[in-house]
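Engineer: Below is the structure I would like to discuss, written out as C-alpha cells.
The values are calculated or read from the model by the stated rules, or taken from the named source; none is laboratory data. All figures in this text were calculated on a predicted structure; none of them were measured in a lab. Note that each Cβ is placed from the backbone with ideal geometry, even for glycine, and that neighbours are counted across all protein chains shown. Accessible surface is based on the protein model in full, side chains and every heavy atom, while ligands, DNA and RNA are left aside. Shrake-Rupley method; radii C 1.70, N 1.55, O 1.52, S 1.80 Å.
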Amino acid sequence: MTNPSNMTRRTALAGAAALPLAAATASATRAAAPIMGAGSAPFQRVNLGGFDVTTILAGSRAVPDPQNIFGMNVDADTFNKVSAEAHLPIDQAQFFFTPTVVNTGAELVLFDTGLSAEGTLAALQAAGYSADQVDIVVITHMHGDHIGGLMNGDTPTYPNARYVTGQVEYDAWAKAGNENFDGKVKPLAEQMTFLGDGGSVASGITAMAAFGHTPGHMAYMIESEGKQLAICADFANHYVWSLAHPDWEVKFDMDKAAAAATRKTMLDMLSADGVPFIGYHMPWPAIGYVEKADSAYAYVPHTYQLLL
Ligand SMILES: [Zn+2]
C-alpha cells in the first residue's frame with residue numbers, strides 16, 4: 001500500500017481512476033459548493049466615541065414598479081433617466097428594513113422593531129444581543145414596518161424594555177385609530193414615555209422633530225465623546241430618488257410638502273456638519289454621509305470611517 005505522504009499526483013490520479021464510479025461521483029459532488037444567491041451579514045457594528053452602534057437587517061425584499069412609490073410627481077421618462085444614470089433598474093427596487101441598536105455602556109437602546117418580531121430578533125441575536133437585554137425601545141414613527149415587532153403574538157418582544165416615542169406621533173395615531181396601532185402600540189402604552197423636539201432618551205441620545213413622513217416622525221442625534229451620528233428613520237427613503245430629488249413625492253409620506261421640507265432641512269444639516277446618518281431604508285448596512293451636489297444631495301456610503 002502506498003504511503004499517503006509519498007503519493008505523487010500521478011499515483012493519486014491513477015488511484016482515483018480505479019475507484020468505482022459511484023465513489024468518484026460522490027467526491028465530485030462534495031467539491032461543488034451550492035449556488036446560494038445574493039446574501040449579506042445581518043449586522044454591522046461601528047464605533048461612536050464610547051458607544052457601540054449596530055445596524056441590524058430585520059428584512060429585505062424586492063418591490064416591483066418603484067415609481068408607484070417614488071417620484072410620483074414626475075413623468076416616467078424623468079424617473080427612468082435618473083434611475084439609468086444611477087445604474088438602477090426601473091422594474092423593481094430592493095427594500096431594506098434596518099433597526100439600530102445603540103449600546104451606551106449604561107443602556108441598550110433599540111430604534112424601531114421591523115415588520116415582525118421574528119426578523120428583528122434573528123438579526124439582533126446575530127449581532128450578539130438577546131431580547132431581554134434591551135432596556136429601551138424607541139419608536140421613530142408608527143408605520144407597520146417600524147412597530148410590527150413590538151409584540152410577539154400577545155407578549156411584548158422585549159420583556160425588560162421601557163418605550164419612548166414622540167408625543168405628536170402617538171397622539172395622531174391614537175386619534176386616527178388603526179389596527180396595527182391598537183395591536184402593537186396600545187398594549188405597551190403604560191410603559192411608554194413621550195417626548196418632543198430636543199427631548200432626551202438617555203444620556204447622549206436626543207430627539208429631533210422631523211415631521212412630514214408621518215405627523216410626528218422623529219429622528220435622533222447620538223453623541224459620544226464629541227462624535228455624532230444621526231438616526232434618521234424615514235425622512236428620506238431612497239438613496240437616489242430621495243437624496244438627489246428631495247422634492248420627488250413618496251407614496252408613504254403622509255404630508256408630502258412637509259416631508260420634502262424636512263428632507264431638505266435634514267440633508268442640509270447632515271451635509272454641512274459632515275455627520276454620518278443611519279436611514280432605516282437606505283441600502284444595507286444603511287450607514288452613510290450626505291454630500292451637497294448641484295442643487296440637491298448625494299449619498300456617500302460609509303466605508304471604514306466608523307470602524308477606526
Ligand atoms: Zn419605514
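Engineer: Taking the stated definitions as given, is residue 146 at pLDDT 95 or above, buried (at least 17 other Cβ atoms within 10 Å of the Cβ), of a type outside the set (Asp, Glu) and in a helix (DSSP H, G or I)?
Structural biologist: Taking the combined requirement at face value, the residue satisfies it.
Engineer: If you check 222, 278, which single one turns out to be within 16 Å of the ligand (Cβ to nearest atom) and in contact (Cβ under 8 Å) with a residue 24 or more places away in the chain?
Structural biologist: When all the criteria are applied, what remains is 278.
Engineer: I need a count of the residues in the range 281-308 that are touching a residue at least 60 places away in the same chain (Cβ under 8 Å) and of a type in the set (Gly, Ala, Ser).
Structural biologist: 1
Engineer: Go through the residues of the range 160-171 one by one and say whether even a single one is open to solvent by 10 Å² or more (accessible area, probe 1.4 Å) and free of Cβ contacts under 8 Å to residues at least 40 places away in the same chain.
Structural biologist: Checked the range 160-171: at least one residue is open to solvent by 10 Å² or more (accessible area, probe 1.4 Å) and free of Cβ contacts under 8 Å to residues at least 40 places away in the same chain.
Engineer: Check whether at least one residue in the range 118-140 is within 13 Å of the ligand (Cβ to nearest atom) and open to solvent by 20 Å² or more (accessible area, probe 1.4 Å), and report yes or no.
Structural biologist: Taking every residue of the range 118-140 in turn, none turns out to be within 13 Å of the ligand (Cβ to nearest atom) and open to solvent by 20 Å² or more (accessible area, probe 1.4 Å).
Engineer: Okay, moving on. State whether the residues of the range 285-301 include one that is within 16 Å of the ligand (Cβ to nearest atom), among the hydroxyl-bearing types (Ser, Thr, Tyr) and open to solvent by less than 30 Å² (accessible area, probe 1.4 Å).
Structural biologist: Scanning the range 285-301 turns up no residue that is within 16 Å of the ligand (Cβ to nearest atom), among the hydroxyl-bearing types (Ser, Thr, Tyr) and open to solvent by less than 30 Å² (accessible area, probe 1.4 Å).
Engineer: Shifting gears a bit: Looking at (1) among the aliphatic types (A, V, I, L, M); (2) open to solvent by less than 90 Å² (accessible area, probe 1.4 Å); (3) modelled with pLDDT of 90 or more, which one does residue 36 not meet, given that it meets all the others?
Structural biologist: (2)
Engineer: Scan 269, 254 and give me the residue that is closer than 23 Å to residue 97 by Cβ and not in a strand (DSSP E or B).
Structural biologist: After ruling out the rest, the residue left standing is 254.
Engineer: Return a yes/no flag: does the range 245-256 have any residue that is open to solvent by less than 10 Å² (accessible area, probe 1.4 Å), touching a residue at least 60 places away in the same chain (Cβ under 8 Å) and either under 22 Å from residue 83 (Cα atoms) or more than 15 Å from the ligand (Cβ to nearest atom) (or both).
Structural biologist: There is at least one residue in the range 245-256 that is open to solvent by less than 10 Å² (accessible area, probe 1.4 Å), touching a residue at least 60 places away in the same chain (Cβ under 8 Å) and either under 22 Å from residue 83 (Cα atoms) or more than 15 Å from the ligand (Cβ to nearest atom) (or both).
Engineer: Kindly provide the set of residues from the range 76-117 that are within 16 Å of the ligand (Cβ to nearest atom) and among the polar types (S, T, N, Q), ordered by number. If you could, list the steps in order and put the result at the bottom.
Structural biologist: Taking the range 76-117 as the starting set, the residues that turn out to be within 16 Å of the ligand (Cβ to nearest atom) are 93-100, 110-116.
Selection gives 94, 98, 100, 113, 116.
Engineer: Quick check, is residue 268 modelled with pLDDT of 95 or more and within 15 Å of residue 229 (Cα to Cα)?
Structural biologist: Yes.
Engineer: Looking only at the range 184-191, decide whether some residue is crowded, with 20+ Cβ neighbours inside 10 Å, basic (Lys, Arg) and touching a strand residue (DSSP E or B) at 6+ places or on another chain (Cβ under 7 Å).
Structural biologist: Yes - at least one qualifying residue is present in the range 184-191.
Engineer: Here is a follow-up. Here are 101, 82, 63: which of them is under 19 Å from residue 133 (Cβ atoms), open to solvent by less than 30 Å² (accessible area, probe 1.4 Å) and modelled with pLDDT of 95 or more?
Structural biologist: None of the others qualify; the one that does is 101.
Engineer: Here's a follow-up. Within the range 232-244, which residues are assigned to a loop (DSSP other than H, G, I, E, B) and either within 15 Å of the ligand (Cβ to nearest atom) or within 24 Å of residue 101 (Cβ to Cβ) (or both)?
Structural biologist: Result: 234, 235, 236, 237, 238, 239, 241, 242.
Engineer: Then there's this: Inside the range 171-217, counting only strands (runs of 3 or more DSSP E) that do not spill past its ends, which hold 2 or more residues that are closer than 28 Å to residue 238 by Cβ and of a type outside the set (Gly, Ala, Ser)?
Structural biologist: Answer list for the range 171-217: 205-209.
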